[in-house]
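K.L.:
Below is one structure. I have some questions about it.
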Amino acid sequence: MSDFHMVVCVKAVPGSTEVKMDPETNTIVRDGKQAVINPFDASALECALALKDDFIGFGMDVRVTVVSMGIPATESLLRDCIARGADDALLLTDRAFAGADTLATTYALKCGIEALDEDFDLLICGKMAVDGDTAQIGPELAGAFEIPCVTDVSCVQSAGFTTCGALSLVHGCDAGEETVYLEMPCAMTTAKEIDQLRMPSIAGIRAAEEADVRVVSAADVNADPARCGLAGSPTQVVRSFVPDRDQTCEAVEGTASEQAAKLAKIIERSEEHTSELQSLV
């Protein structure tokens, strides 16, 4: 058992702007091609690795576990996380998880984290995923585990941890930024600018090739099928489409009153077009 255990949740996202949608489920087709680690999650991993470096300097035994839910090809991304400094990884992969919204994803991740051989002290997630932008997984996981959570963290200071057992966190808020002190166990979500993920070392790459990435199914973590995937997702995408981009330019000339009248007609046409689009959803 380690002195301090951090769990970092990462997600594989499309590495291209050309995203394919499943016409039947209205969800993103994830075939693993050109997939990358979500940039916000990459920053979360670097935050954990930096804390690991600090705590090792304090004489502590520290462990960083990376957890992800995705297709089998996601395993290669988890090995990359190990090459960069993570200690081990767990991949939840099962057709039962397909089409999950944030609630079903949170449930699956919670089941996976509970299946680890050691409780965590700190749970770190990226603020949001670039393919969804919901920013809900971190806070929902904190709620599921009934632990405090700080979102949009841009700076972590560990200097006083050995004396007070708390981390100093700077995070975004309505007033700008504020500094809070958080005792363990807790969760936080990181801003992308908190740090840039380090490059893997040669030794890390070799270690990652031999590392044991634990791959589990829904049954392996005792997940309730009714709470997984589309079956466990109260949020349903009705329709996804790329909006039309009208780049035409219309000059409005005449006197001030004539220009106002023409502008009013242009706005009216725009509103009618918007109503037509909304009726299709």
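K.L.:
Mind telling me which of M128, M188, M199 comes out most flexible in a GNM of the chain, alpha-carbon contacts under 10 Å?
P.N.:
Between M128, M188, M199, it is M199 that shows the largest mean-square fluctuation.
K.L.:
Next up: Going by how many other beta carbons lie within 10 Å of each one, how would you line up R95, R227, fewest first?
P.N.:
The order, fewest Cβ neighbours first, is R95, R227.
K.L.:
Could you tell me which residue out of L197, V64, G160 lies farthest along the dipole of the range 4-232 toward its positive end? Charges go on the beta carbon: Lys and Arg +1, Asp and Glu -1, centred on the Cα centre.
P.N.:
It is L197, whose Cα lies furthest towards the positive end.
K.L.:
Given the options T65, T248, T102, which has the most mean-square fluctuation in a GNM of the chain, springs set between C-alpha atoms less than 10 angstrom apart?
P.N.:
Largest GNM mean-square fluctuation: T248.
K.L.:
First select every other residue whose beta carbon is under 15 angstrom from the beta carbon of A219; then total the charges, Lys and Arg +1, Asp and Glu -1.
P.N.:
Here the count lands on -1.
K.L.:
Using a 7 Å offset from the Cα along the Cα-to-Cβ direction at both R206 and D220, what is the distance between the two label points in nm, to one decimal?
P.N.:
2.8 nm
K.L.:
So if R0 is 41 Å, what FRET efficiency would T179 and D131 give, r being the distance between their Cβ atoms, rounded to the nearest 0.05?
P.N.:
Taking R0 as 41 Å, the efficiency between T179 and D131 is 0.85.
K.L.:
Separate question: By Kyte-Doolittle mean hydropathy of at least 0.0 and Cα axial length of at least 24 Å, which whole DSSP H helices of the chain are selected?
P.N.:
In the chain, the long hydrophobic H runs are 39-57.
K.L.:
Under a Cβ-only charge scheme (Lys and Arg +1, Asp and Glu -1), can you give me the dipole magnitude of the chain about the Cα centre, in debye to the nearest 20? Show your work: numbers first, answer last.
P.N.:
On the way: 21 positive and 46 negative charges, 98 e Å.
Here the size comes out at about 480 debye.
K.L.:
Using a Gaussian network model on the chain with a 10 Å cutoff between Cα atoms, which of D101, D152, D121 fluctuates the most?
P.N.:
Judging by the Gaussian network model, the answer is D121.
K.L.:
Quick one: pull the percentage of alpha-carbon pairs in the range 4-232 with a separation above 30 Å.
P.N.:
Details: 5251 of 26106 pairs.
So the pairs more than 30 Å apart make up 20 percent of the total in the range 4-232.
K.L.:
A follow-up question, please. Semi-axes of the range 31-159's equivalent ellipsoid from the Cα gyration tensor, sqrt of 5 times each eigenvalue, largest first, rounded to whole Å?
P.N.:
On the way: eigenvalues 107, 59, 45 Å².
Here the semi-axes work out to 23, 17, 15 Å.
K.L.:
Here is a further query. Do you know the relative contact order of the chain, to the nearest whole percent, from alpha carbon pairs under 8 angstrom that are 6+ apart?
P.N.:
23 percent
K.L.:
Looking at the chain, how many pairs of lysines come closer than 22 Å at the Cα, when each pair is eight or more places apart or spans two chains?
P.N.:
Lysine pair count for the chain: 11.
K.L.:
Would you mind ranking V180, V7, V156 so that the residue whose beta carbon has the fewest other beta carbons within 10 Å leads the list?
P.N.:
Going from sparsest to densest Cβ surroundings: V180, V156, V7.
Rule-based calculations on the coordinates, nothing more; no lab input. All values reported here derive from a predicted model rather than from experimental measurement. Reconstructed Cβ throughout: ideal geometry from the backbone, glycine too, with neighbour counts over all protein chains shown.
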